[in-house]
Each structure stands twice: as C-alpha cells, then as structure tokens.
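First the structure, in the form of structure tokens, and then the observations on it.
The values are calculated or read from the model by the stated rules, or taken from the named source; none is laboratory data. As the structure is a computational prediction, the values presented were derived from the model and not from experiment. Glycine gets a Cβ as well: all are built from the backbone with ideal geometry, and neighbour counts include every protein chain shown.
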Amino acid sequence: MEIETEQVNRVNGIRIHTPEDFAGMRAAGRVAAECLDMLVDYVKPGVTTGYLDDLIREFVLDSGAASATIGYRGYRHASCISHNHVVCHGIPGDRVMKEGDIANVDVTVVVDGWHGDTSRMYAFGEVKRRATRLMDITYDAMMAGIAQVKPGARIGDIGAAITELAHKNRISVVEDFCGHGLGQVFHDEPNVVHSARAGTGPEIVPGMFFTIEPMLNLGKKDTYILNDGWTAVTRDKSLTAQFEHSIGVTEDGYEIFTTSPKGYDKPHTVTV
Ligand code: MF3
Ligand code: CO
Ligand code: CO
C-alpha cells in the first residue's frame, strides 16, 4: 500500500499553485520588472552589453534577490542581451551598442525561492522604421498570446494567436525555443510553444504558472547556435525581437507577474 505524502498538486504533470504561491511570484516578478525599468536610463549608443549586465547584477543583489542565470548550466551572467540578429541567450560582454541597434534584455531573479523571468526590447538611439515595426508586432503578439490564457483553454491557443498575428504581418515565429512553466523551478512543464494550432496541447488550469516569450523574425524562422554554446542567431541574419512575461492562471483569466511598475513594458522608440 502506498501512502500519499506528495504535497504538490499537479494536473497532467503541470504544478498547480496556491494563493500564497501567487504572492511569491508577484514579489519575484516585480523585482525582475523593476530591474528592466532601471535599465532604461542607461540604454544609449556607446554602452557595452557587459556594463548593462553589471548594472543588472548589482540591482538584483541590492533588491535582496538572487540571479537565476548565474551558475545555470554553466552560464555566468545576470542577464542575456541579444542584439539585432541574436534571437536569444546573447552573452553580455565587450560589444559596444551602436546608434540604430535594438536588443532584448532577459532577466530572471529568485526571491524567496520564486522565479521572476521577463524580457523586453530596447532601442539604442534612433532606429529604423522596420525595427520599430518588428518590436511593436512582437509585443502585440506576446499580449495576444497572453489574452488566450483562461481556464479551459489549451496551451496551443497561445501559440495559435501569436502565429496568426505574426503571419498576418508577414513575420515569422521562431520554433526552436519555447516559453516554460516556472515557479520554484526555473524551467518546468509545460512547454509553451509559440507556433501552434488552436485546441492542441494541455488544458490550462487555475494555479498554473508559465512564461510566454515569443521570438519573431523579419526573415525566416530558422536559427542556429554559435560556438559559444549559447548565442542563438537567425540563420539568414535577419532582425529579430522578443518579449517575455511570467504569468499565473486565475479563476477567470491570468495575472501578469512582471508588469513594469513604471509603464515601460513596451519600449519607447524614436524612429528615423
Ligand atoms: N531567461 C531565459 C528564459 O526565458 C533563460 C536564460 S538561461 C541562461 O528562459 F542561462 F541563458 F541565462
Ligand atoms: Co523564460
Ligand atoms: Co527569460
């Protein structure tokens, strides 16, 4: 006879969280979002990605949080900074950001054991119209995906909404990376694919926590990873963008844990 000692409630292998767990995610998500807010004043041409990462590391530690990425599978930085044709997992370093560049900055923090994972696009100086357009559509695609989240819907509905919006604008959706469950672990079930058919995938249930983090390319969807083992780039070197929120499923929809306290969710851009 087996005695039920497992306290963790799961549906189809996906952890279901309590109201106290939501409070934990709110605190973690807030620090991650505040960190991205802090960066806005430092994003300008001439800055190195390594300097931005130093600011992030300091901010996270000063907030009483820990970086989830430092030490994760050998990664040594407090953020991923992915510029222009870099899809995700760009390694901060000596690269000097130039006028007209765009970059995604992705931060994951741990507060009291809970993970807050979020990323946004930033524009360095004045950027071209096509860069602004790609960033706007990518943000809208993430939000269209989030809008699908409610009990009874399917995980595939999220990717279906993202893909529909992207394709309508003749933009491709990267299939090589997904959103993911998170909570007391960084990467958990479910896989949140950003390109999917509506009505497919696991059912969405109150108490699930996951990220939605679509990557959209002006060119083809294909990517490859550089020899450093991390940096993912578009195969055709086309411009790419990404946004990421951590969310929780509520009784009637969703709660975004990583909303910008300063209203900086969508980047301010000056278009040439
Ligand atoms: N924050 C990324 C995500 O959205 C993961 C980065 S892992 C790292 O899942 F090691 F590259 F930092
Ligand atoms: Co993530
Ligand atoms: Co992330």
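Some observations on this one:
- Yes/no for GLY50 being farther than 20 Å from TRP230 by Cβ and surrounded by fewer than 17 Cβ atoms within 10 Å (Cβ to Cβ): no
- Scanning the range 193-226 for residues that are among the basic types (Lys, Arg) and either within 16 Å of ligand 1 (Cβ to nearest atom) or under 19 Å from the mean Cα position of the chain (by Cα) (or both) yields one hit, LYS221.
- The set of residues from the range 73-85 being within 16 Å of ligand 2 (Cβ to nearest atom) and outside any loop (DSSP other than H, G, I, E, B) comprises ARG73, CYS80, ILE81, SER82.
- Check on GLU175, over 27 Å from HIS77 (Cα atoms) and either within 16 Å of ligand 3 (Cβ to nearest atom) or surrounded by fewer than 22 Cβ atoms within 10 Å (Cβ to Cβ) (or both): no
- Selected residue [crowded, with 17+ Cβ neighbours inside 10 Å, at negative phi and either touching a Cys at 6+ places or on another chain (Cβ under 7 Å) or without any contact (Cβ under 8 Å) to a residue 40 or more places away in the chain (or both)] from ALA232, ALA196: ALA232
- First in the range 172-187 and closer than 15 Å to MET142 by Cβ, second anywhere and of a type in the set (Asp, Glu) and within 13 Å of ligand 1 (Cβ to nearest atom), Cβ under 6 Å, 6 or more apart: GLY179/GLU213
- Where strands (runs of 3 or more DSSP E) fall wholly inside the range 153-272, the ranges with 1 or more residues that are aliphatic (A, V, I, L, M) are 188-192, 209-212, 215-217, 223-225, 232-234, 240-242, 245-249, 254-256.
- Filter pass, SER79 being free of Cβ contacts under 8 Å to residues at least 40 places away in the same chain and crowded, with 17+ Cβ neighbours inside 10 Å: yes
- In the range 179-192, of all residues being among the hydrophobic types (A, V, I, L, M, F, W, C) and surrounded by fewer than 20 Cβ atoms within 10 Å (Cβ to Cβ), the one that is nearest to ligand 1 (Cβ to nearest atom) corresponds to PHE186.
For every residue, the table says whether it meets (1) of a type in the set (Gly, Ala, Ser); (2) in contact with a strand residue (DSSP E or B) (Cβ under 9 Å, 6 or more places away or on another chain); (3) within 16 Å of ligand 3 (Cβ to nearest atom); (4) at pLDDT 95 or above.
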residue	(1), (2), (3), (4)
ILE3	no, no, no, no
GLN7	no, no, no, no
ARG30	no, yes, yes, yes
ALA33	yes, yes, yes, yes
TYR42	no, no, no, yes
VAL87	no, yes, yes, yes
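- Test: residue in the range 49-58 that is hydroxyl-bearing (Ser, Thr, Tyr) and free of Cβ contacts under 8 Å to residues at least 12 places away in the same chain: yes
- Selection status of GLN184, at pLDDT 95 or above and within 16 Å of ligand 3 (Cβ to nearest atom): no
- Some residue of the range 59-68 being touching a residue at least 24 places away in the same chain (Cβ under 8 Å) and within 16 Å of the chain's Cα centre (by Cα): yes
- Here is the figure for the range 164-189: residues that are closer than 30 Å to GLY113 by Cβ and more than 15 Å from the chain's Cα centre (by Cα) total 3.
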